[in-house]
1. Mind counting the residues in the range 101-144 that are closer than 15 Å to Leu218 by Cα and among the basic types (Lys, Arg)?
2. Restrict the check to the range 81-92 and report whether at least one residue is touching a residue at least 40 places away in the same chain (Cβ under 8 Å) and under 20 Å from Ala281 (Cβ atoms).
3. Which of the residues belonging to the range 105-132 are farther than 19 Å from Phe49 by Cβ, surrounded by fewer than 21 Cβ atoms within 10 Å (Cβ to Cβ) and not acidic (Asp, Glu)?
4. Looking at the range 44-103, which of the residues that are part of a loop (DSSP other than H, G, I, E, B) and of a type in the set (Phe, Trp, Tyr) is surrounded by the fewest Cβ atoms within 10 Å (Cβ to Cβ)?
5. Give the number of residues within the range 55-78 that are of a type in the set (Gly, Ala, Ser) and within 21 Å of the chain's Cα centre (by Cα).
6. Mind listing whichever residues of the range 197-217 are acidic (Asp, Glu) and surrounded by fewer than 15 Cβ atoms within 10 Å (Cβ to Cβ)?
7. Among the residues of the range 1-43, count how many are part of a helix (DSSP H, G or I) and of a type in the set (S, T, N, Q).
8. Across the range 240-297, what is the number of residues that are touching a Pro at 6+ places or on another chain (Cβ under 8 Å) and closer than 25 Å to Val93 by Cα?
Amino acid sequence: MGELHRLVLLHGKEKAREMVPAKQRMLVDIAAEVLCDDAQRLGITYSGFCLTGFPHKKLGDDEVWEKRGHNVTLLVEPGRLRMGPGPATLFGVPYGARARMILIYLQTQAIRTGSREVRLGGSMRDWMGRMGMSVGGESARALRDQARRISACSIKFFWTTADANGRAQDGFERGAIVRSGLFFREDDTSGQSSLFEDVVTLDETFYKALRDHPVPLLESAIRRLKERSMALDVYIWLAYRLHVLERTTPIGWTSLHAQFGGGFKHIRQFRPQFLDALSAATAAYPEANISLSETGLTLNPSRPPVLKIAGVS
């Protein structure tokens, strides 16, 4: 447990905020909300997204995204959807924090209900309300755009594993995230964006992979990181990696840059952004046992942020 968490536990949130520099008060707020979370509601993600992720910023509509993680590579290709009369529209790959939040919702609901058919409407509005996300105006337009990008894109996960003799072998899974359905419509009479009781069907291959390899996340942590795509990625990565470690594991800046530094050409540009994201992620994960050095990050075996998936609520 970090020093910020100890301050909150010993002195309470408001006193702890007075005891730290101004730039760390946001971190105290994150730590306090997670420590005071008695409900322990869960979010779920697929393990493959713990090691890779979407871009943080918008790419060209026809640009392919490739992201390498620990023994896994994610390849996302843009796709087309028919939105009405005329030719199908090309949508670029999903990006940013909103795409990640939509994806967490879809995965969580699929595991919660035991079905790859995910109903939207009221349940998604309730979830977004708990996350502090607006579903009107500009926010709804941005969410609708990311939803369509998720619907249109195709994905491939390439894995490197070891065979019975310890030799490396490669494999891949090909599919999409969404098989059918759209998330958002625009009311033709009012011009306002709204959510309807649509049903989104997850791709069968993706759903099977999610069902076989779900990773539990803490909903209160997701809520606090909802506007910070890199912090979300770091939190999800730590939630997956730390509790399966058997020994202390160093990770150098080159590897960290390769996994999280999409959009940053040089490590020197990436490093301060990553450290900022890491501070927020670890504030949301009190059990994370990590240390920093000039050479990179050292991971130590840690308790998961939530203990089990059974009884997802």
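Read-outs throughout are calculated quantities, based only on the coordinates presented, and are distinct from any laboratory measurement. A quick note: this is a predicted structure, and the numbers were derived from the prediction, not measured. Cβ coordinates were reconstructed from backbone atoms using ideal geometry, including for glycine residues, and neighbour counts include every protein chain displayed.
1. Residues in the range 101-144 being closer than 15 Å to Leu218 by Cα and among the basic types (Lys, Arg): 2 in total.
2. Within the range 81-92, none of the residues are touching a residue at least 40 places away in the same chain (Cβ under 8 Å) and under 20 Å from Ala281 (Cβ atoms).
3. Thr113, Gly114, Ser115, Arg119, Gly121, Gly122, Ser123, Arg125, Met128, Gly129, Arg130, Gly132 - these are the residues of the range 105-132 that are farther than 19 Å from Phe49 by Cβ, surrounded by fewer than 21 Cβ atoms within 10 Å (Cβ to Cβ) and not acidic (Asp, Glu).
4. Narrowing the range 44-103 to residues part of a loop (DSSP other than H, G, I, E, B): 47, 52-64, 70-71, 78, 82-88, 92-95.
With of a type in the set (Phe, Trp, Tyr) added as a condition, the list becomes 54, 95.
Details: Phe54: 26, Tyr95: 23.
This residue is Tyr95.
5. Looking only at the range 55-78, we keep the residues that are of a type in the set (Gly, Ala, Ser), and these are 60, 69.
Narrowing the set further to residues that are within 21 Å of the chain's Cα centre (by Cα) leaves 69.
Residues that pass the stated criteria total 1.
6. At the first step, the residues of the range 197-217 found to be acidic (Asp, Glu) are 197-198, 203-204, 212.
Passing the criteria: Glu197, Glu204, Asp212.
7. Keep residues of the range 1-43 that are part of a helix (DSSP H, G or I), which gives 3-11, 13-18, 22-35.
The next check asks that each one be of a type in the set (S, T, N, Q); those that pass are 24.
Here the count works out to 1.
8. Within the range 240-297, residues that are touching a Pro at 6+ places or on another chain (Cβ under 8 Å) and closer than 25 Å to Val93 by Cα number 2.
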